[in-house]
Amino acid sequence: MVSRFLVVFLLLAGAAFSQSFVGFVDGYYGYNFNKPASGKNLYRNFDFNHNQFSLNYAELAIERKPGVVYTYSKTR
């Protein structure tokens, strides 16, 4: 419930205040055709789980576009 509210709020805030949301997700699905009984791939560093989705990295950035800059000049 809270996550839905947060997503709706961020989308509305982005439309109203000229913000942009940028992000990406890096993940993979690892499957071992030997089908190990333990569910672990031996002698592996990062992809040691068999038949499982893994999320490596996710990033979300909120960028606000610069507005108009007003300069004050004193003329007499």
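Just so you know, all these numbers are worked out from the coordinates, no wet-lab data involved. Note that this is a predicted model, so its numbers are computed, not measured. No Cβ is skipped: glycine too gets one built from the backbone with ideal geometry, and neighbour counts run over all protein chains shown.
Using a Förster distance of 35 Å, how high is the FRET efficiency between Leu6 and Tyr31, based on the Cβ-Cβ distance and rounded to 0.05?
The formula returns an efficiency of 0.55 here.
What net charge is computed for the residues neighbouring Phe46, neighbours being all others with C-beta under 15 Å from the C-beta of Phe46, Lys and Arg scored +1, Asp and Glu -1?
Local charge sum for Phe46: 0.
So if we plug the beta-carbon distance of Asn49 and Ser20 into 1/(1 + (r/R0)^6) with R0 = 35 Å, what FRET efficiency do we get, rounded to 0.05?
FRET efficiency, Asn49 to Ser20: 0.50.
Return the sequence-ordered ³J(HN,Hα) values of segment 24-31 in whole Hz as given by the Karplus equation 6.51 cos²θ - 1.76 cosθ + 1.60 applied to θ = phi - 60°, using x for Gly and Pro.
7, 10, 10, x, 7, 10, x, 9
Fewest Cβ neighbours within 10 Å first, please rank Lys40, Lys65 accordingly.
With the sparsest Cβ surroundings first, the list reads Lys65, Lys40.
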